[in-house]
Each structure stands twice: as C-alpha cells, then as structure tokens.
1. Given the C-alpha centroids of region D:131-168 and region B:147-212, what is the distance between them in whole angstrom?
2. Hey, can you list the residues from region C:114-148 whose accessible area shrinks by 40 Å² or more with all protein chains present, relative to the chain by itself (probe 1.4 Å, no ligands or nucleic acids)?
3. Give me the angle, in degrees from 0 to 90, between the Cα long axis of helix A:181-191 and the longest principal axis of the Cα atoms of chain A, rounded to the nearest 10.
4. What does the charge count near C:Ala230 come to, summing +1 for each Lys or Arg and -1 for each Asp or Glu among other residues with Cβ under 9 Å from its Cβ?
5. Determine ³J(HN,Hα), in whole Hz, for all residues of region B:103-114 in sequence, where each value follows from phi through the Karplus function 6.51 cos²θ - 1.76 cosθ + 1.60 and θ = phi - 60°; x replaces Gly and Pro.
6. I'd like the GluC sites (Glu not before Pro) in region D:167-263 restricted to DSSP loop residues with at most 10 other Cβ atoms within 10 Å, sorted by number.
7. Taking every residue in A:267-279, how many Cβ atoms of other protein chains lie within 10 Å of its Cβ, on average?
8. Which value at 222 nm does chain D reach when only helices count, each DSSP H run of 4 or more adding -39,500 (n - 2.57), with the total divided by all residues and rounded to the nearest 500 deg cm²/dmol?
There are 4 protein chains.
Amino acid sequence: MTSDRHDPEGAIAAAAAVCSNWGRWGEDDVLGTLNFLDEGKRREGAALVRRGASFSLSQRFDMNGPQKGWRRRTNPVHTMLDTGADAALGNQGFPHGLGGADDVITMPLQCSTQWDGLGHIFDHGRAWNGRPAEKVVTSDGDLVTGIEHMAPHVAGRGVLLDVGRVVGEDGELPDGFAITEEHLTATAAAHGVSVGRGDIVLVRTGQLARVRRRGSSHAGGGGGGWGEYAGGPAPGLSFTTAGWLHGTEIAAIATDTWGFEVRPNEFEHAFQPLHQVVIPHIGLLIGEMWDLDALAGDCAADGVYEFWLTAAPLPITGAVGSPVNPIAVK
Amino acid sequence: MTSDRHDPEGAIAAAAAVCSNWGRWGEDDVLGTLNFLDEGKRREGAALVRRGASFSLSQRFDMNGPQKGWRRRTNPVHTMLDTGADAALGNQGFPHGLGGADDVITMPLQCSTQWDGLGHIFDHGRAWNGRPAEKVVTSDGDLVTGIEHMAPHVAGRGVLLDVGRVVGEDGELPDGFAITEEHLTATAAAHGVSVGRGDIVLVRTGQLARVRRRGSSHAGGGGGGWGEYAGGPAPGLSFTTAGWLHGTEIAAIATDTWGFEVRPNEFEHAFQPLHQVVIPHIGLLIGEMWDLDALAGDCAADGVYEFWLTAAPLPITGAVGSPVNPIAVK
Amino acid sequence: MTSDRHDPEGAIAAAAAVCSNWGRWGEDDVLGTLNFLDEGKRREGAALVRRGASFSLSQRFDMNGPQKGWRRRTNPVHTMLDTGADAALGNQGFPHGLGGADDVITMPLQCSTQWDGLGHIFDHGRAWNGRPAEKVVTSDGDLVTGIEHMAPHVAGRGVLLDVGRVVGEDGELPDGFAITEEHLTATAAAHGVSVGRGDIVLVRTGQLARVRRRGSSHAGGGGGGWGEYAGGPAPGLSFTTAGWLHGTEIAAIATDTWGFEVRPNEFEHAFQPLHQVVIPHIGLLIGEMWDLDALAGDCAADGVYEFWLTAAPLPITGAVGSPVNPIAVK
Amino acid sequence: MTSDRHDPEGAIAAAAAVCSNWGRWGEDDVLGTLNFLDEGKRREGAALVRRGASFSLSQRFDMNGPQKGWRRRTNPVHTMLDTGADAALGNQGFPHGLGGADDVITMPLQCSTQWDGLGHIFDHGRAWNGRPAEKVVTSDGDLVTGIEHMAPHVAGRGVLLDVGRVVGEDGELPDGFAITEEHLTATAAAHGVSVGRGDIVLVRTGQLARVRRRGSSHAGGGGGGWGEYAGGPAPGLSFTTAGWLHGTEIAAIATDTWGFEVRPNEFEHAFQPLHQVVIPHIGLLIGEMWDLDALAGDCAADGVYEFWLTAAPLPITGAVGSPVNPIAVK
C-alpha cells in the first residue's frame, strides 16, 4: 500500500476501502477485531506460560505522568478521603483501634497506559461498523461500543515485536521513524515468532526508554522530564501498515509511544491518519503508552517473544478508552 | 479460633497475635501474602486453561453503582472531553474528516469491584508489617505500600468457593450469615478442589445475585435498586476464619459482597473486625464487590472450580486500593 | 398571556415570538438582560444599604446536598490535599514549624445555589440571540456566552418578592403552585416595593424552608432528608409569567427552588417550558436553589424588601452556569 | 519589627507573640479579623458607590491557569455533561425542542483567585485561636473554621494600595521586592486614602501585569506563558509588616501575586514565614492571585482608591480556602 504524500484524504479513503471490516461480524458488532481472539487462541496463549514469570506493562498513574494539557488531557490526581495520619490520631471514630484509608482518583481515560475503545476515533462522521458518530458517542458517552463490552475478552497470546532492538540503534528507533510492514516482518523473523489471527501484538520502539533516560539526566526539569512524549515527534507505525494490520487479522496492537503511529506522519498535512483507518474501519483495538521495557529485556535474554497476555480494560460504562495494567506471563 | 462476643478488642488482639505475618518477608516488605504467589503457582494456574473461556469478574463502573455516600464514597462520574456529536458537526478542527472522542473519570478507588491495598486498614495505628500508620498513609497517599507495588503480581491459580450454592438456599446465603472455616472446607470438598499456598480464593455468597434480582423487580426505584448492598447487612466471612485465612497461606481472597466479612459482625459492638486482623496483620490482599455469578454458573455446569486468574490493580502511585477487572480463564 | 394546555410547543413558540430580545443588544451580545443593569441601577442599589447588615443567600456546598443523580448531577465532593493532621505529625516537610492544608472540589456547576448561564438552555437548536446551539456549546464548553463574560456585572438593586409569605400559608406555597403575574404584583404591592428595569428579583416560595423542616423531622432518613427537592414537584413561576419577565426588563431572577418554574408545569406534556422561553429568547439570567429564608425573615421584620445585592458568578471559562454565594446588604 | 535573617523560627515566634489575636473574640471564634468588619464599616463602604462602575477582580478559571503541580495544585478542569451539539442533534430526549447543557468542574480551591481560609496554615501544630491543627483540619476538612462560616461577612470597604504604581517602575515592583510598612503607608498617603479597622486592603504589586505582558510576548510558549508566577520569585509583603497587619486591624488583605508575601523571603531558609504568623496568630483573611489591574487603572484615572467590595467565598463545608470573584464598585 503506497500513498500520495500530498493527498492524505484520498489515501485514507483508499486504505479504508481496502481494509474495511464493516459488517464482517454483523450489524450489531461491538468488538471489532477482538472477534478474532477466540478460545483456541487462549488455549494457545496459556500454553506459553513456561516459567511463570509475570510482567506489568503499565506505567504508573500519577501527577508525574506525561500529559501536558493537549485536548485537556491531564495527569491523574489522586487524593485521600481518609489517612493513616487521621487513624493514628484517633480522628476517625471507629471502635477498638480500627483505622482506615480511602482514596479518590480523577483522570482522563487517555492519560497513560490505555486501550483506545472503538468509539475513540471517527472518519467523516462514521464510527466503527459504519455507524453515525453523533449517535454513538454523545455527552452521555459511547452508547453503543462502550469499552465495557470488551471486559472479558482481552486475554490471549501476546507477541512482542521489539523493532527498536532489531532495527534501531542501541535498542531505540529515532523520533519520526516510520515502522513499515517490512520492519515488522523482519523483526518477527529475527525473533523467530509468527504473528497471526487473534494475536495481541506489542511493538516496542524504544522511545519510552529514551524519554526515561533523558528525563533522568535532566534532574529537576519541569514536567517530570517527559519532554514531548505526549504528542510530540515519535517513532511509530507507518500509514502503509494499514494493510498488514488488516490482513494479519490480529486482535489488538499496542506500542510504547503516546500515539501508536509515526509522528510527524508521512503526509504533508494530516493528523493521526492511521488511526482514522484502523479504529473506525478495521475495528482494531489499539494500546498506547505501554511500558514494554522489562518484558523486552526478558525476551532478549531468553529469546522467547511470545507469552500469555491479559489486558482487561475497566468496564467503565460508555467509555471510549480505559487505563489498563497489562500482565504478560512467560 | 473462638472469640468473646463481648470483647472485640481482646479477640482482635488475640487473633492478630496468632495470625501475624509481620517480619515474615523482611522489614521492607510491601507485598504481604502476594509473596506466596510464586512462579510455580503461575505454572500450575496456567495449566488450568483447558477450554479457553474467559470471564470478567467486574461490575460495571458508572453512576448506577451501589455507593450511597458512606465515608464519602460516591459512584464513578464519567464525562466526555470530546464526542462523536462534535466530530460529526465539524466542531473539532481536525483535518480530512478525522474525529475523536476522549473522556474523564472521577471515582473513589473503593467504589466498585476492587482490591484493598495493604494501606487500607490499620490496627491501633499500625499498618502492615508493624509500620506506624501515620508515616505510611498521609495526605500524599500510601508512601510505602502503595498498590503500584502489586502491579505485576496478581496472576495465578484461582479457586471459586461457591458457598452460596453449596450451603445456601437457591444459591444464596442470607444477610448476616457468617461463613466459617467449616463452610469453606465443606464447599471445597463439595467442589472437589483444594485450597492452598499462593491461591487466589473467590468466595461467592450469592448476595450480589439477590440484590440484582430484587433491584430488577423494583423498576424505577431510587438508587438503582441497590438497597443496602453498600454497607448494609450481608453474608460474609466469620471473624473466626482469621486462622484459616492465615494458615492456608492463600495469596488473596475476594467476595461478591461490599465488605468481605459478615455484617453485622459477630461482636456486640465492632466495625469490620476481621479486616482489622487480616489486612494489617496477615497482609492479605482482599477483593470486594466482585461479580462471580457468570463464572459460578460455568463452574456449576462443568464441575471445575479452579482456573487461571489475572486481577491486576492499576498501578496508581500511593493508592490504598484499586478498581480491577479480574479475568478468569478456564 | 394564556396558553393551550395541550399545545406546549405552540405556546412556547408564541411566547418566544412575543418576548424575544434577539438582536436587541447587537449580534455579538453575551450578556442578555444583564444589559439592563447599568451604573445608575448600581447607585440606586448602593443607596439601599442603611444598616449594613449582610446576608448570604447560598446553601452550603457539600455531599449532603440535594442532588440525586438526575442528568448526572451529583453533590460536591471535597477532598484534602494536605491536612492539619499531617502538619501536626511533621509529615509535610516544611521548615520551622510551618504546616498547611489544601483542598480540592469536584462538582457540577448546577449542583446547588447557582446561576444558569445563557448557554444552559436551547430552543429548537437555538441558543441566546438566535445562535446555533451546536456552535455555541460544544464539548469544549460555551465558546460564545460562557459565564465568564458576566463576571463584573451582577451587582445592583435586589428585590425580594416573598410570595410564600404573602400568598401562601405559614409562609409556604404548596408544591405544584403556579405563581402568576398577579401573585407577583400583589406581593410587590404588599411589600411596598416596585420592580423594574435592571432589578435582580428574588422570589421566595417557601419550598426550601419546608424541605428543611421535613428533613429535620425525618432524622436518619436517606439522602439527607431532601426528598424530591432536586427535580420533584415544586411551587414556581407559571409559564404565563413570560410576558412579565420580559416586560419588566428585570436583569435577573432567582428562586429558592430547584427549577425556577412550577413543577409539574401547566402543560400536559412538557419539560421546563418557561426555561425554553426565558433563557434563549429573553436572555434572562436565572438563579436557582438560593436560600432566601434568613433574608426574608429580616425583610418581614423591618418591612424593607429592597437591598444591595452582589451575586458574582465564578468566571469559569466556557461554563454554562456557576455556583454562587449571593450577598444581600441592607 | 525587625528580624534576624538567620533565625526565622525565632523571628516567627517573636512576631506571633506580639501579633497574636488568640482569644480576642472568644474561644469559639471562627472568623478572625472578619470580626472587625461590622455594619458600620459596611455603611461606610456602600457610601463609596458614586458612579456605579463595577470591576471583577478575578482571574478566569480554566486549564490555562498558572498552576504547575506544586503540592498537587492543578488548574481547573471543566467538562460538559450535556452540550448544544447534542441538543441540536436531538440526542437529549427532551420534548418540544427543548435542549440543555450542563457542566462539571474539578479544581483545587487554591488554584486561582482565592481566599485562604483560617485552616489553611498552621504554626507548630497550632491553628487559628490556638487550636490543635490535627483536630481542626482532618481528611474530612476543616471541622471548626471551614470557610462556610465566612459566607455572609466579606462585604465592606475596600482600599487599593497600588504599591507598584507608587513605588515601582512602570507600575511594577520587581520580583523579590519586599513591601514594608513604609511602602504601604507612603502609598496610602500618595493615594490620599486611610487604612483602618475593618477594611479590606488590596495590594497591587504589578507582577500579574508583568507576567501577562511577558506571556503574551512568548506566543506559543508552554504553560500558557505563566513562567514562575505560581510559586516562583515575586514581590510581596515583607515579614516585617506583620505588626502593621495586626495593628491596623484590617479585616482582610489580598494581592495580585501567588503567595501574598515576598518570594524569596527575607530569611536564609524559610517558607512563607509571614503566612505562619498572619493566618494562625492574627487570624487574618488573605487573598491571592487577585486581578487588580482594571480596578487600578480606574483608580489611577479618577484618583479614588476606596470602594465597595464584595468578595464572598463559596460556602464549601469544611474548606480551607475558596475561589472567589471579588466585585469592587465605585
């Protein structure tokens, strides 16, 4: 799939036509490519648990996160309703020495390690499966494809494609690097893994590792040293991978970057054009800001790039995304 | 373990002395009984995936939840930062037909299906491992045992003890029913499962099923028909199970009730006395408001009460609890 | 102005045609009837300060408020970022004995004593001054008539019309009582006050007093004893007062009820029909859930029903309403 | 009052001893120096309304505010529960063409133009009137001196001391400039106003004007061009003004800076030492981040620096501060 750098709208339309899964699972579908993740795939995935080692692929959720206010995305604010201090001072009114602590969080569902729900992106007013965006996602939330529908499904075979390690230098791709189908297949070949129907694919670019390294060398810097991680230049999937994302029939894909696709993208003037094809037309579940480094280190050490992966979104009714703590077990 | 109905404080102190795990995993421990959940247990758990069927054990997170304001616990409030309506109307300013939706949530971490972190309950000013509560959980959150430390660990062998089905009538225990060690072991025997070191035990009382059934028969009732689910009378673990919870060396336990232990409890005047032993002294991870009904139905059908379970808390820095979408796979 | 009980839509259209102020203050107007409140009116109002006694007309903002979840309106949740407990325990890290407390609030802007902004209500897709609702109030807020524009204006002559005291029994109108123009003018006559251009009119029905009295006699009742105050039956302005609200050229009006107009309203099937005329067509500033009882008691005692009134909305950019603490000074 | 630069703790203790108002208004006092603002003062203030011109002294509340995360203070997040877009599209379900918009805010009470409540600052574990901080402000908020108690009181005579204009260059004092009693009295003399018992004094340093001017010349800069306004160097009151603040018996004081007192302060190592005297010992109501520029321009033009001022905090139960939209009328 090639595309005209000067005609993003045409390229998006062409890719959408080729890759569309509208109607594939019926008019009422709310799962998209999660339909590919079936019980057989789960059996295959569970068989990959050999050592029993588990890895969290989540960044921490707190005020030191990457968000800088773009589209009013803030970092999580965590406050206490009760504390150990009040418990110790006898301020709580419980009998017999009981004390307790409770807490509250306020956060955008897109603030850190997350899944994009099917209602997160639209193309020309159309949501997943061809539905009118304005009837799917209103101020009341996603009335049709809310992320709660995905609650039990996201557990299966995970495959790590450490493109940063295979293609990059020192394990990292530079910002603006467009990962093509060739990079993906070469990486899979280098790892000795296959990618196919129903898999959850994790693409590591190395950007998060770089941001962390640079942040820590700028002690005291404002914004927690995140630089432009949230919304700035980044390595990521090329627009041309739309066909691969569709043809492989994977169930989901996630990266260690803010925005999944390469930034700036490959058109003269466009914004997240791959999203515009992948979410509303393919119905693909996309994960962003996953922390793949510990898992990648382990995979590099033992040469095994497949594993059991559970990444269950919180079933927030009507949500167009969810924070998630994905757990890989090898 | 017996206890004097008139002396909760003495009973709590006695149980704490017998069941204490303080120091068992060193002075710096932040995991408590999750230490029991090791790689061998994960291999054992993964081997339980036979069909590949997955079950979400989470209630939905929304304003129709059970909370009624007790200790300022409210239900989640989910609002949109961008909608499909605005996308369809061209209000968003993106090029080439791109549209998007984002959202935000505000919720107590104890509002629905959850894990209690180790900083959630104190006994006479002492937190888990004997630490002073006032230095562990301040207004800045849990500075020592925040739930982020548990991020990669909660995946292993799950066992369902459907006490409601085995001991109750029509699958349900009445409110105020105290589940004893005898009930637990009889249920395990009836199911043909063992419970032991490192297991994640799920105890179904049937209360949630009852609340749902009654709520749906009171259409239009205020508060979504939850009645007293959040904080009222409920079946639950007897205070006398503290020894069993300690001696079995389970890694975690969860119920389908608001508060894990029986309510009202077995003392003349006490509040959540089993919590007071179990969290700060045993260091046990407790789950509450889990929705075990679909899983229980499946277990009743196939007679298999053990499975692979992943129940990863969101790594919210300093949190004393976390919402969770637990996924059981059989 | 009479209206056909069976034809709310026709009645609304007719009233809108008669009462419309669209274009009266130019195409760019963002103030509506606040344009009537000029410097002369402020001089007149300030001259009413005779004793220097001040009255807050605000209910308290906290979790014990009246909201029950309708349209996702909740009561305010107030949490602490720092406390005196942590200060006293030396947990804060400040030098030389300094300690501090900070706090956070999450609340709907319509949760308690408030102003409705001009972007709060639409008629057939039209906002104040005839603008298209979908271009005025998007997910980014009110882009045109946000309440921040009213920041300096709402200070002037206030007039209390205690219809409850003049027309009702024991100072209270029953729920469902429709206050007509005749009631308003009779009350003004009884009080010996005039109402005219630029005034801020406060209409007391007595409902809040009744709700308080009943709540306190139902100690321990759920929901803080508010009953149906938030959205249930209430006394309030008759739909037929639209002409009076327009013709008197008042700047603003507020009541002690949740919804300003009588509930249920006077049509067979309609929802807040007076709002639909008054906000988008007249451009009138409406206040709700004001606590007028202390002021009304003072007015009854000294017979003076006019005063200086400041009721400044918080200039929240793009807000369609604002909590407010109105201050009357006599 | 002089102070040893090397002994902040001693200087604070000495100033506290000299300036203490503990017990002055009885053991149960919750108002502090607001006790000085009596009815006579209000009559005096109202008489200052000559033209009827009104001025809002509030900054706007939105995500473009000055906060940068210090002590977890964020800028306000405003989201919509309903929009004009959904109304226009018929998504709301109201009859007869009615549409509506609602909104929600989450904000620290200290995020922008505000009053510091009496529970905001402690000295060696003591709150206003000598009360133990840990019993006054717990996780449940300020149980004794919550800002709700001030609801009806803050309306009276306002005096602007435009120290920036009188003492500074081009109307602005440089960062780090300590305003002394001499500067205050010289400014009052230059303006021809007196300052005394019960007044609400507004001190303009010009810093906000400078921050705005610089921000606007750095278009596109991150953080909205606020620089270090929230917590960085600033002009402000000298520690040595504690005696003047006490002796003048003013009711309240506010500045156009983040922190009221000069930053860095005049000690080798201290944090907000003047706060530590003024709030817990004097019981003085302090306002911060007020926007005094429009009012100051008017005062410079007509030479009148006194006016009627209403600055009513929202009565948030248990709050240690409140956002406020102060209204000055001349």
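1. After rounding, the separation between the Cα centres reads 53 Å.
2. Residues passing the criterion (a loss of at least 40 Å², heavy atoms only) are C:Phe122, C:Glu134, C:Lys135, C:Val137, C:Thr138, C:Ser139, C:Asp140.
3. In chain A, helix A:181-191 runs at an angle near 60 degrees to the longest axis.
4. +1
5. Those phi angles translate into 8, 9, 10, 10, 7, x, 6, 9, 7, 8, 3, 7 Hz.
6. Filter output for region D:167-263: empty list.
7. 2
8. About -6000 deg cm²/dmol.
The values are calculated or read from the model by the stated rules, or taken from the named source; none is laboratory data. As the structure is a prediction and not an experimental result, all values here were calculated from the model. As a convention, Cβ positions derive from the backbone with ideal geometry for all residues, glycine included, and neighbour counts pool all protein chains shown. For accessibility, only protein heavy atoms count, side chains too; no ligands or nucleic acids. Shrake-Rupley method; radii C 1.70, N 1.55, O 1.52, S 1.80 Å.
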